1. Work out how much length residue 105 to residue 16 would gain on full extension: take 0.36 nm times their residue separation and subtract the Cα-Cα distance, in nm to one decimal.
2. So how do 161, 127 line up by other beta-carbon neighbours within 10 Å, fewest first?
3. Report the full-extension gain for the segment residue 204 to residue 221: residue separation times 0.36 nm, less the Cα-Cα distance, to one decimal in nm.
4. Out of 55, 108, 68, whose Cα points farthest toward the positive end of the dipole of region 15-173 (charges: +1 Lys, Arg; -1 Asp, Glu; placed on Cβ)?
5. Sort 32, 6 so the one with the fewest other Cβ atoms within 10 Å of its own Cβ comes first.
6. Distance in nm between label sites at residue 8 and residue 115, each 7 Å beyond Cα in the beta-carbon direction?
7. What is the sum of charges around residue 77, taking Lys and Arg as +1, Asp and Glu as -1, for the other residues whose C-beta is under 12 Å from the C-beta of residue 77?
8. Roughly how many debye, to the nearest 20, is the charge dipole of region 1-136 about its Cα centre, given +1 on each Lys and Arg Cβ, -1 on each Asp and Glu Cβ, and no other charges?
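Read-outs: derived from the displayed coordinates by stated rules, not from any lab. Note that the coordinates shown come from a computational prediction; the quantities given were computed from them, not determined experimentally. Cβ: placed from backbone, ideal geometry, glycine included. Neighbour counts: every protein chain shown.
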Amino acid sequence: MPLLEVKNLTKAFGGLMAVNDVSIQVEQGEIVGLIGPNGSGKTTAFNCINQFLPVTSGDIFFKGQSVISLKPHQICLLGIGRTFQVLKPLARMTVLDSVTASAFCRVNTIKEAQIEALKVLDFCNLDHQKDKLAKSLPIAGRRRLEIARALATKPELLLLDETAAGLNPGELDEAIGLIKKIRGNGVSILIVEHIMKVIMTISDRIHAINFGQTIAEGTPREVANNTAVIEAYLGEPNAQG
């Protein structure tokens, strides 16, 4: 049984079909990449998985249980954590307090939450910045803080939405290392990413969508060589102008 099974997911906004009959599976211990051009429906799919958006049709199963009737916080408690494409740190809180707030989802006292938060900050190499205001971190630090906040909920499956956006080459290598370390710690990952160095390096399998529909799936090599994927990113081979 897959850890996550998205079955024939469809999400429509009026007459716009943002996600159209997409099926994705994530096995325990896997990193699965979800790729596609801007506007292809990747973040919408994420928002349906953790029910920020209700599905139009289809179903989503986590550990064999349908989650489409649950609230986002209930899905988090089941074991699905996520980051967001647009960073919105708790600006007036310190880094430690921001992660402590997330840790309350699993513990009952501030002392327990702070202990868990400190463990996560150390894991994400943010412990030396724990007393800084979240809004003062550079982009790479804020990306790591977003991951730390998600990890503090102790997920079994982590949804990463463009967690490498805006990073320089050195920071990309660090991000790749952190993602691998998260998987090594027993967390399965479904990741949306535009930076091919990241997605091709870390993914066991890749699922590609365009205009809300699946166009390819397979190993990184198979997907990278797929004609439909190449055309989606680069345009028709013989297009003029």
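1. On the way: separation 89, 0.36 × 89 = 32.04 nm, distance 3.55 nm.
Extra length from residue 105 to residue 16 when fully extended: 28.5 nm.
2. Values: 161 20, 127 16.
The fewest-first ordering by Cβ neighbours comes to 127, 161.
3. Numbers: separation 17, 0.36 × 17 = 6.12 nm, distance 1.02 nm.
Gain on stretching residue 204 to residue 221: 5.1 nm.
4. 108
5. Working: 32 19, 6 23.
So the ranking, lowest neighbour count to highest, is 32, 6.
6. Placing both labels 7 Å beyond Cα along the Cβ direction yields 4.8 nm.
7. Details: positive: 71, 106, 154; negative: 156.
Summing Lys and Arg as +1 and Asp and Glu as -1 gives +2.
8. Values: 14 positive and 11 negative charges, 88 e Å.
Dipole about the Cα centre, nearest 20: 420 debye.
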